[in-house]
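A.B. asks: The structure follows.
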Amino acid sequence: MITPAFELSQDPDFLTIIIEVPYARASEFDLYFEGEDFKFYAKPYFLRLTLPGRIVEDGREKASYNTDKGTFTIKLPKESPGQYFEGLDMLTSLLAPKKSRSAKHLVEEIEQTKAASTELSEEEEEEFDWEIEQTPYKETAESTLPLQYRYGFGNLRSGVFQRLQDELSDVIDIKDPDQTPVDERRRKRLAAEAAKFDPDHYLADLFEDEAIQHVLKYKPWWVDAHKKMIALQGESHQKHDSHTFVVFSEEEREQLRKFTNKSYLLDKRSRHHVYLGLIDILLAYCYEICVNEGDKNVESSWNVRKLSATLCWLECFTSIHDVLVSFGRRVLCYPLHRHFGLVTRAFNDTVMILQLGRAAVLKCLLDIHKIFRENDPAYILNDLFITDYCIWIQKTKSKKLAALSESLQKTTLAKSHIGFELEELEAAAVLVQEEESELKAAGTVSKQQLPSSESETSDSEESSSTSSSETEGSNSDEQESSTSEDGKINSLQGMLQEEGTAPLIDCNGLRQGTNTSTFEVSDEKSKVSLQSTSVPGKLIEELEKQMHTAIRLSEQPEGLATASCFALQEQEENRVSEPDRFSKVTTGKGNFLEVPSKTNPLLFLCSTNEDED
């Protein structure tokens, strides 16, 4: 049989049930209802509901079939007109058989029957005191004999992670949870959070909070629903029930129909852990919705499970204040945005969701279930926690959630409770900012005093520039004269270098190597060093004799070698400004220069063509 999609609604006199049966024969269907029981059959569909109120068959009932949509619409009169049927959107709970609504074991000892019934009645009638500080659970020697510690929803699971070692590190932070007691989990969690906290990251988000202030302006769906509920506080109970403001999508309804209905037998301590774990999971979910502005991304699963110590460390809390402290510490340690304002925002959102009732809580849990279902391997957390929470919350009394929201709203969380010395960090950062502002102010004052001193400096610079311009004028004249002299030297050097490939003949008729053809005069210093070199007297006399002999051996009346020697001699004579540097001597047929006391290679080198030899 196929369980069809269905939807329930009500008015003061009637209960309306809409059933979708697109592949059924409209002419062949069976319908039965009496008291709290409702049954519908149209092959291949079968639907059985246990209603939260009683209905009656008195002739006012109606049924119709829409052939275009393939839906049956059935209107059933209420036994007590005006009665409000609570929980019509808790589809999983409505699908449960009537006999299985009890939390008793199917097999139990007779002696324990009375005690069990007493405990169940206490669960239904007792007002849970959320302000009582619970004593932390301590493992006894008897409970450690199996060496497997429990975790999950209501601490009903154990041994799960022994079969899932590969996925363990990607889902939770604790190693080997089956062998780790509750107290040790808490110690390891606190140590990991203390090691992860980064003061620089916290202060950066505190003083540069443009992005955080932007996301804090986002309003999720429960904000408007809560405003409507507050506006209708003075009206009838029917209008300010959560079902009026919370609407489930078709996908969410389909998921509710897929859940297998269960009943949970929880003792007082386990129930306490379940309620506190619910707060912890809702806080993490509210943070995720706020920072991503309602959009889901690849980090959504990581944010929810990382910020909830219940999911990430399999923590069992003992008070609401412990839940808030744990959540605050994890927000300031792990996600991208680490701001205390986000902790406060998630706290307020969680209070709103609890005040809206179990329909709002169920809608949030279904969204978390979808996030984990689409992320591998986070689906393990659905099996351990979220699926059971989705089924359990449908059977929870509204007054319990109202008491829980009231206790949560009365609990306060300050920065001093977090344990990271946040107030001291902020005070130190403020002092540093004040010092920087004072330095900037001092720098501004000094800059304002600069123009007067700069004016005086500019006057002195103008006078110095005037004197320097005059000095440069005189230097330019000197540089022009020296440049003319350098030009003569460079032209002579270039002429020698152009003829460097030809063999050189000195005045003695001997061939010289090409290395003697390089004559470089770099600057005035080289001139001075050349001219300051003295030659001994005997060497001068020998050079004079060799010059006489070289002239006699020359048969060319106008020899190129002699001509070039005399040309070089004349150029050098014109270049030298001192008249007494050289003396002309006329002997025989030619004019000879007396060798000066300072050597000059230009007087002894001459160039000729190799072909003329």
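A.B. asks: Anything in the stretch 200-250 that is at pLDDT 85 or above and β-branched (V, I, T)? List them, or say none.
C.D. replies: I212, V215, V223, I230, V246, V247
A.B. asks: Does at least one position in the stretch 107-115 carry a residue that is modelled with pLDDT of 85 or more and surrounded by fewer than 16 Cβ atoms within 10 Å (Cβ to Cβ)?
C.D. replies: No: zero hits.
A.B. asks: Return a yes/no flag: does the stretch 48-57 have any residue that is farther than 24 Å from A359 by Cα and basic (K, R).
C.D. replies: Looking for residues that are farther than 24 Å from A359 by Cα and basic (K, R), one finds none in the stretch 48-57, hence no.
A.B. asks: Please state which of the following conditions F317 fails to meet, knowing it meets all the rest: (1) open to solvent by less than 30 Å² (accessible area, probe 1.4 Å); (2) part of a helix (DSSP H, G or I); (3) in contact with a Leu (Cβ under 8 Å, 6 or more places away or on another chain); (4) of a type outside the set (V, I, T).
C.D. replies: Here F317 clears every test but (2).
A.B. asks: Which ones in the stretch 376-417 are part of a helix (DSSP H, G or I) and among the acidic types (D, E)?
C.D. replies: Going residue by residue through the stretch 376-417, those that are part of a helix (DSSP H, G or I) are 379-393, 398-410, 415-417.
If the condition is that a residue be part of a helix (DSSP H, G or I) and among the acidic types (D, E), then D383, D388, E406 are the ones that fit.
A.B. asks: For D173, state whether it is in contact (Cβ under 8 Å) with a residue 24 or more places away in the chain, out of contact with any helix residue (DSSP H, G or I) (no Cβ under 9 Å at 6 or more places or on another chain) and open to solvent by less than 60 Å² (accessible area, probe 1.4 Å).
C.D. replies: The answer is no for D173.
A.B. asks: Going by what's in this entry, would F197 be described as under 30 Å from G419 (Cα atoms), at pLDDT 90 or above, touching a helix residue (DSSP H, G or I) at 6+ places or on another chain (Cβ under 9 Å) and open to solvent by less than 60 Å² (accessible area, probe 1.4 Å)?
C.D. replies: Yes, satisfied.
A.B. asks: Does G277 satisfy the condition of being farther than 25 Å from C390 by Cβ, open to solvent by less than 20 Å² (accessible area, probe 1.4 Å) and over 17 Å from the mean Cα position of the chain (by Cα)?
C.D. replies: It is false that G277 is farther than 25 Å from C390 by Cβ, open to solvent by less than 20 Å² (accessible area, probe 1.4 Å) and over 17 Å from the mean Cα position of the chain (by Cα).
Condition check ((1) more than 20 Å from I386 (Cα to Cα); (2) hydrophobic (A, V, I, L, M, F, W, C); (3) open to solvent by 10 Å² or more (accessible area, probe 1.4 Å); (4) assigned by the TED database to the domain that holds A309) across all residues:
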position	(1), (2), (3), (4)
E250	no, no, yes, yes
F259	no, yes, yes, yes
R271	no, no, yes, yes
E288	no, no, no, yes
E293	yes, no, yes, yes
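A.B. asks: Tally time: how many residues in the stretch 43-91 are assigned to a loop (DSSP other than H, G, I, E, B) and within 56 Å of the chain's Cα centre (by Cα)?
C.D. replies: Number of matching residues: 15.
A.B. asks: Right, another one. Are any of the residues in the stretch 287-309 more than 18 Å from N155 (Cα to Cα) and among the aromatic types (F, W, Y)?
C.D. replies: yes
A.B. asks: Counting just the residues of the stretch 321-340 that are touching a residue at least 60 places away in the same chain (Cβ under 8 Å) and open to solvent by 10 Å² or more (accessible area, probe 1.4 Å), which one comes out nearest to E423 (Cα to Cα)?
C.D. replies: F340
The values are calculated or read from the model by the stated rules, or taken from the named source; none is laboratory data. As the structure is a prediction and not an experimental result, all values here were calculated from the model. Because the Cβ atoms are built from the backbone with ideal geometry, glycine has one as well, and the counts that use them run over all protein chains shown. The accessibility values were calculated without ligands, DNA or RNA, using every heavy atom of the protein model including side chains. Shrake-Rupley method; radii C 1.70, N 1.55, O 1.52, S 1.80 Å.
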